[in-house]
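Participant: Below you'll find the structure I mean.
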Amino acid sequence: MGTPVDFELPEWFTKEKPAPYSFIRRNIYLTKRMKRRLDDDGIFCSCSPSPGSSVVCNKDCHCGMLLSSCSSGCKCGSSCINKPFQNRPMKKMKLVQTEKCGSGIVADEDIKQGEFVIEYVGEVIDDKTCEERLWNMKHRGETNFYLCEINRDMVIDATYKGNKSRYINHSCSPNTEMQKWIIDGETRIGIFATRDIKKGEHLTYDYHLVQIKIVTVVL
Ligand SMILES: C[S@@+](CC[C@H](N)C(=O)[O-])C[C@H]1O[C@@H](n2cnc3c(N)ncnc32)[C@H](O)[C@@H]1O
């Protein structure tokens, strides 16, 4: 045995500060990217600019109804508003410490029902990697999980890389929801407001908890 050495745990560990992660704007694929060809989906709208209206592809756009972003195969042109991930900026939001759920997110501006709030981004991993990561996290005694399933073999993991969406907590009466959108053949997850949200309100969505056993606090 050598001489004992003094060491200090990093501040984020001792002071319940959020664990470090790298900020990313778009998903990073650690698994094979499943991109469908535009022709395969066959989701195109027949919207076209109408005189007197500055926007195209409002509520009756077929692509929007099918949670598919308009693509180059549509004829709607540059004033199309059915491109939530590409054209609409994410909402202003702030990271805060909550009393019982660790970190959380509050809106830093008013948000209207139906508006795009933020994209859930992270590393896209397959089921096997997800299982390995979960196993390691369990061994490290971690309690915060940042996983979101895209399909049976694809999970977005925002543990090490992500954006502020990773801090949005669970609630059974949430004010946002996750929606799976097809953007140019790629499945991406957006968080949208399910009601009007006032500046300062906590943002939450329903995790639909099935397998991950966590003690949830009623928000
Ligand atoms: C996506 S993270 C949300 C951010 C997290 N609170 C943090 O401090 O980084 C999900 C984790 O937050 C915690 N969490 C989220 N909502 C919760 C709730 N309603 N009650 C208790 N814990 C919650 C759980 O530990 C969960 O695994």
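The values are calculated or read from the model by the stated rules, or taken from the named source; none is laboratory data. Predicted model, so just to flag it, every value in this text is computed and none were measured. In this analysis, Cβ positions are derived from the backbone assuming ideal geometry, glycine residues included, and neighbour counts consider all displayed protein chains. Note: accessible area is taken over every heavy atom of the protein model, side chains too, but ligands, DNA and RNA are not part of it. Shrake-Rupley method; radii C 1.70, N 1.55, O 1.52, S 1.80 Å.
Participant: Please go through segment 180-197 and pick out each residue that is within 13 Å of the ligand (Cβ to nearest atom) and over 12 Å from the mean Cα position of the chain (by Cα).
Facilitator: Residues satisfying the conditions do not exist here.
Participant: Now for a separate question. For segment 96-117, which residues satisfy the criterion of being more than 10 Å from the ligand (Cβ to nearest atom) and buried (at least 20 other Cβ atoms within 10 Å of the Cβ)?
Facilitator: A107, I111, F116, V117
Participant: For E177, all conditions in the list (1) more than 12 Å from the ligand (Cβ to nearest atom); (2) in contact with a Lys or Arg (Cβ under 7 Å, 6 or more places away or on another chain) hold save one; what is the number of the exception?
Facilitator: So the condition that E177 fails would be (2).
Participant: Among the residues of segment 198-212, count how many are within 16 Å of the ligand (Cβ to nearest atom) and either surrounded by fewer than 14 Cβ atoms within 10 Å (Cβ to Cβ) or assigned to a loop (DSSP other than H, G, I, E, B) (or both).
Facilitator: 9
Participant: Just checking, which of F85, F145 is aromatic (F, W, Y), out of contact with any strand residue (DSSP E or B) (no Cβ under 6 Å at 6 or more places or on another chain) and modelled with pLDDT under 95?
Facilitator: So the residue among F85, F145 that is aromatic (F, W, Y), out of contact with any strand residue (DSSP E or B) (no Cβ under 6 Å at 6 or more places or on another chain) and modelled with pLDDT under 95 is F145.
Participant: Of all residues in segment 164-173, count the ones that are touching a strand residue (DSSP E or B) at 6+ places or on another chain (Cβ under 7 Å) and open to solvent by 40 Å² or more (accessible area, probe 1.4 Å). Walk me through it before giving the result.
Facilitator: Going through segment 164-173, the residues touching a strand residue (DSSP E or B) at 6+ places or on another chain (Cβ under 7 Å) turn out to be 164-165, 167-171.
With open to solvent by 40 Å² or more (accessible area, probe 1.4 Å) added as a condition, the list becomes 164.
Residues meeting the conditions: 1.
Participant: Determine which single condition E142 fails, assuming it passes every other condition in (1) farther than 24 Å from K83 by Cβ; (2) away from the ligand (no atom under 12 Å from the Cβ).
Facilitator: Tallying (1) farther than 24 Å from K83 by Cβ; (2) away from the ligand (no atom under 12 Å from the Cβ), E142 fails exactly one: (2).
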